[in-house]
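The values are calculated or read from the model by the stated rules, or taken from the named source; none is laboratory data. Small disclaimer: the values here were computed from a predicted structure and weren't measured. Cβ atoms come from the backbone with ideal geometry, glycine included; neighbour counts cover every protein chain shown. Keep in mind that these areas ignore ligands, DNA and RNA; they rest on the heavy atoms of the full protein, side chains included. Shrake-Rupley method; radii C 1.70, N 1.55, O 1.52, S 1.80 Å.
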Amino acid sequence: MTLQPQVKYRNDYLPTPFLVDRVDLKFDIEDELTRVSSRLVINRNEAAAHSADLVLDGSARLTGVVLDGQTLGPDRYLLGEDTLTVKDVPDSFILEIETELSPASNTSLMGLYASNGNLFTQCEPEGFRKITYYMDRPDVMAKFTTTIVADKVKFPAMLSNGNKVGEGMVDKKRRWVKWVDPYRKPSYLFAMVAGKLTALKDKFVTMSGRTVALEIWTEPADQDKVVFAMEAVKHAMKWDEERFGLEYDLDIYMIVAVGDFNMGAMENKGLNIFNTKYVLARQETATDVDFEGVEAVIAHEYFHNWTGNRVTCRDWFQLSLKEGLTVFRDQEFSADMTSRAVKRIEDVQGLRAMQFPEDAGPTAHPIRPDSYIEMNNFYTMTVYEKGAEVVRMYQTLLGRDGFRKGMDLYFKRHDGHAVTCDDFRAAMADANDVDLEQFALWYSQAGTPVLDVKGQYDAAARTYRLDVCQSCSSTPGQSDKLPMHIPLALGLLGSDGQDLPLKLAGEAEAGATTRVLDVKRAEESFLFLDVPSEPVPSLLREFSAPVRLNVDLTDVQLAFLMAHDSDAFARWEAGQMLSQRVLRQLVADHQAGRALALPAHFTAAFAAVLKDSLADPAFKALMLGLPSEGEMLEWFDAADPACNHLVREFVLKQLAQALRGEWRQTFELNQTREYRPEDAGRRTLKNHALAMLSRLDDAWPLEAAKSQCLHADNMSDQMGALLALRDSDAAERADCLAAFADRWIGDPLVMDKYFALLASSQIPSALEHVQSALAHPAFSIKNPNKVYALLRTFGRNMAHFHAADGSGYRFMADQVLAVDALNPSVASRLVAAFNRWKKVEPQRRALMKAELERLAAAKLSKDVFEIVSKNLEQA
Ligand code: B3K
Ligand code: ZN
């Protein structure tokens, strides 16, 4: 990269000098070429500074510009690399623009592109400018119509936003269809699809009695895999009416599945476009986790219709306004559809594994960033998942009803507008008459806050004092952090394991057994009265804030919480703390050359969980899981991934051996005869037990896994078996993998699982297998799902990506370059594997840095450039 790409700053926001009232688009689709005509009704924006010229964003091949009926010569406009400036325009005018696109050669999958011969668009955040010239920013909201003209046989489906208002034949072969979207929207919500697709059709009657047509479009061969997605749509529609009073607003709601897609899905108005991964699901090809993913993403995109589309973002720095809120909404929906406790723990696991490292690394940013080079780089775990935690904290502070009041006011004030995160916070504050000034820091400060908590019991006074101290490490560009407003939910357990009613100093009576404390200062103390004996504190119940918690509890107290805490999250968390303590100690032992030995109390705690016959199996499986190797990397300043791996494997093997009988019993007791969706938890627990047993030197678990793999009637059990075999050097592994690939070669989504199994394996030859998979007939470097399955998974394979000889790093850097030449947004997600280079021990650190420097010297997209340069800036 010779030219330094331009940095955009949040504080530079200015309204546009012009606004667009109407956009009439026409797509004329031919074999190699698509011609796009756009007719814009433009008016001067009285609220903005005057400008004689109109500047539009765009990079498509321009074939014509007409202003108020007059074709403009090149003297009247200036075509830059990514702008079109029309000189000296009147106050109100009609601008007609013609462009020509070659969708088949668009490998970026942004703008208009082809996938398996069909055409799709992806516009968020800045793809519309690859289609035509426009003020391509979210605060320009216009009414759109779309006319599509194409061969009726090659493109029987012709879809766009809004309601279909007409269709007909242009000549014998070519058909036209016209769509009108009555709602104003920004260009990023535009969508057009044309292709050989068919639909499953259904309907939904809204709470006010309107009938909405529902359609899920796929390639014909996939129509047998959309029944579950259709049910999910209806559940989501109903849930949003009941929980938030929000109703769908068009006559038709369409979902289209496409196999080539950069992310999960896209909430285009009335026409959501989905990665097949989040639509297609039936028991033979999708795991229980896949089903949950489909339900969650379907809900997420549907919920965007209000949080994102009806009320949108003023500028891209406000992305969390729609994403954090919509993730929170989909999390709540999933909690209501499945198990609230399990869902919460899974979400926290994801946050810790992916967002905490991001927040501690070179690309750390607040949920509302201050600057970016490439907006696509900011669809991050921080904006989405930490953003959702921030929204959740409003609900924790205000209660469900208070939160709902805030939401109602937000829609009342801002429906049809493009607004900011501050507007959302103001609605929450005003609707509840509370002060949320300090809470604003959650939007501006990056980094994970740390809470250090100490408890002290005074037997004579019968009081319990909690001393809470908050801090936050510096992050790039932010060294001094201010104390935040942190809701700390807690309970106190009496010696019988029951919750004590809590009475804070100054209160007359004891009340609830869970309280939310407002932690606002750097150091704060809370005094509880009438505490009969020394309690065990249960802190951060339901994970009430996205913080790291340090608390001085003994191993015995942690085991007590694991057994008794009434809050499921806190029970699980106590187990995680205990595991962390053991793993850290063993890492220290190993590094000091001491022999490794697993403490007996740890095995006993696991045994107690395994023997608990009352617990929900899905929860039990979570209780039996250790923190991941990725998480372990974060615990040390000069982490040794090999040592972490060895220690974690040691613990797993010891637990497998010591509790061999219990694991076996768990495996047997949770067998399910025929497939029922509601047995998901039992399948998870059974397969967890199988994976543990396969660590033993016994032959039967491998045989059992092989038999399960070959005979299971559902994908969860096939994958469960393959995961149990994945790291084994026994013949069963190779046999089963080969049989699996043979059986599923024609199913791209299942082949993604196959590639992910190769890339996550711990066997010594894992990298070789990944390298040869690049040439597998089912692999394509142009397909994002394949790249994520094989290459991103490999980047998370702690043992092999971090191989001591640097082979993993070299391989990954080569792949980043190969992908970057085709699809910068996907490449940029791969290169993130290097983000923790400063965390690892010096030898690997040097190897990683050398690869980053090699990348920096190459010709890079601005996407990858931004990530690589942020990594090297911290050197
Ligand atoms: N809003 C889209 C994400 C677009 C990402 C562009 N790189 C999907 C979602 O969050 O629902
Ligand atoms: Zn979203």
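Full extension from ARG810 to GLU46: what is 0.36 nm times the residue separation minus their Cα-Cα distance, to one decimal in nm? Write down the numbers at each step before the final one.
Working: separation 764, 0.36 × 764 = 275.04 nm, distance 5.50 nm.
Contour length minus Cα-Cα distance gives 269.5 nm.
Can you order the peptides 307-314, 372-379 by their average number of other Cβ atoms within 10 Å per residue, highest first?
307-314, 372-379
Given a Förster distance of 60 Å, report the FRET efficiency between SER105 and GLU507 from their Cβ-Cβ distance, rounded to the nearest 0.05.
Using R0 = 60 Å, I get an efficiency of 0.30.
Where in segment 90-133 is the amide nitrogen less than 18 Å from a point lying 7 Å along the Cα-to-Cβ axis of THR71?
Under 18 Å, as judged by backbone N against the label point of THR71, lie 95-100 of segment 90-133.
Where does the charge balance sit around PRO449 when Lys and Arg score +1, Asp and Glu -1, over other residues with C-beta under 9 Å from its C-beta?
Here the count lands on +2.
Can you bin segment 416-467 into rounded, prolate or oblate? Criterion: square roots of the alpha carbon gyration tensor eigenvalues sorted a ≥ b ≥ c, rounded for a/c under 1.5, prolate for a/b above b/c, oblate for the rest.
Here segment 416-467 falls in the oblate category.
Can you give the FRET efficiency to the nearest 0.05 for GLN6 and LEU78, using r as the Cβ-Cβ distance and R₀ = 22 Å?
In this case the efficiency is close to 0.75.
Report the far tail of the P(r) of segment 125-218, meaning the percent of Cα-Cα pairs longer than 19 Å.
Distances greater than 19 Å cover 53 percent of the Cα pairs.
Per q in 0.23, 0.27, 0.31 1/Å, what log10 I(q)/I(0) does a Debye calculation on the alpha-carbon atoms of segment 612-669 return?
-0.96, -1.11, -1.25
List the residues whose amide H sits under 5 Å from the amide H of ASN163, counting only those 5 or more places along or on another chain, with H placed 1.01 Å from N in the peptide plane.
Counting only residues 5 or more places away or on other chains, the set is VAL180, ASP181.
Taking all protein chains in place and a 1.4 Å probe, what share, in percent, of the accessible surface of the chain do carbon and sulfur account for? Mind dumping the intermediate values first?
Values: 17160 of 33780 Å².
Summing carbon and sulfur atoms, their accessible area is 51 percent of the total for the chain.
DSSP beta bridges in the chain, what fraction antiparallel, as a percent rounded to 5?
Taking every DSSP beta bridge with both residues in the chain, the antiparallel ones total about 80 percent.
How high is the relative contact order of segment 1-155, given as a whole-number percent (alpha carbon pairs under 8 Å, six or more residues apart)?
Computed value for segment 1-155: 30 percent relative contact order.
Starting from 0 in steps of 5 Å, tell me what percent of the Cα-Cα pairs of segment 535-672 lands in each bin.
2, 9, 19, 20, 20, 16, 10, 4, 0, 0
Based on the Kirkwood radius over alpha-carbon pairs, what value in µm²/s does the Stokes-Einstein equation return for the translational diffusion coefficient of segment 297-452 at 10 °C and 1.306 mPa s?
For the chosen part, D equals 100 µm²/s.
Evaluated at 25 °C with a viscosity of 0.890 mPa s, what Stokes-Einstein diffusion coefficient in µm²/s does segment 639-738 have when Rh comes from the Kirkwood expression over alpha-carbon pairs?
176 µm²/s
Sort 707-716, 351-360 by packing, meaning the average of other beta carbons within 10 Å per residue, with the highest value first.
Result, highest mean first: 351-360, 707-716.
In segment 418-562, what is the volume of the convex hull around the alpha carbon atoms, normalised per residue and reported in Å³?
Roughly 140 Å³ of hull volume per residue.
What whole-number value in Å² describes the accessible area per residue of the chain for a 1.4 Å probe?
39 Å²
Nearest 0.05, what FRET efficiency do LYS164 and ARG243 give at R0 = 25 Å with Cβ-Cβ as r?
0.25
For segment 648-690, taking Cα atoms only, what is the radius of gyration to one decimal and the Dmax to the nearest whole Å?
11.9, 35
Full-extension gain between ASP171 and SER533, please, as 0.36 nm times their residue separation minus the C-alpha to C-alpha distance. If you can, show how the numbers build up before the last one.
Numbers: separation 362, 0.36 × 362 = 130.32 nm, distance 8.73 nm.
Gain on stretching ASP171 to SER533: 121.6 nm.
Given Cα pairs under 8 Å that are at least 6 residues apart, what percent is the relative contact order of segment 86-196?
Reported as a whole number, the value is 28 percent.
Taking 7 Å along the Cα-to-C-beta vector as the label spot, tell me the ASP88-SER471 distance in nanometres, rounded to one decimal.
6.5 nm
Shape verdict for the chain, please, from the Cα gyration tensor: rounded (a/c under 1.5), prolate (a/b greater than b/c) or oblate.
Prolate, because a/c is 1.5 or more and a/b exceeds b/c.
Would you mind calculating the relative contact order of the chain from Cα pairs under 8 angstrom and at least 6 residues apart, reporting the percent as a whole number?
9 percent
With each label point set 7 Å from Cα along the Cα-Cβ vector, what nm distance links ARG413 and ALA563?
5.1 nm
Suppose the chain between ARG39 and ASP430 were pulled fully straight at 0.36 nm per residue; how much longer would it get relative to their current alpha carbon spacing?
Net length gain for the segment: 136.6 nm.
Straight-line reach from LYS238: which lysines have Cα under 18 Å away, leaving out those fewer than 8 places along the same chain?
Straight-line reach from LYS238, under 18 Å: LYS201, LYS203.
Step through the residues of segment 342-358 one at a time and calculate ³J(HN,Hα) from phi using the Karplus curve (6.51 cos²θ - 1.76 cosθ + 1.60, θ = phi - 60°), rounding each to whole Hz and writing x for Gly and Pro.
Listing the rounded values in order: 5, 4, 5, 5, 4, 5, 5, 4, x, 4, 5, 6, 10, 7, 4, x, 4 Hz.
Could you rank the peptides 95-101, 64-70 by their average count of other C-beta atoms within 10 Å per residue, with the highest value first? Spell out each step's value before the answer.
Numbers: 95-101: 20.3, 64-70: 14.1.
Ranked by mean Cβ neighbours within 10 Å, highest first: 95-101, 64-70.
Just check segment 363-459 against the gyration tensor rule for me: Cα atoms, a ≥ b ≥ c as the square roots of the eigenvalues, rounded for a/c under 1.5, and otherwise prolate or oblate depending on whether a/b exceeds b/c. Could the numbers behind the result be given before it?
On the way: a/c = 2.53, a/b = 1.14, b/c = 2.22.
The shape class here is oblate.
Convex hull volume of the Cα atoms in segment 448-496, per residue, in Å³? Could you put the intermediate results ahead of the total?
On the way: hull volume 5.0 nm³, N = 49.
Convex hull volume per residue, Cα atoms: 101 Å³.
Add -39500 (n - 2.57) for each DSSP H run of 4 or more in the chain, then divide by its residues: what number comes out at 222 nm, to the nearest 500 deg cm²/dmol?
It lands at -11500 deg cm²/dmol.
Provide, as a two-decimal number, the C-alpha radius of gyration of segment 299-360 over 2.2 N^0.38 Å, N being how many residues it has.
This ratio for segment 299-360 stands at 1.25.
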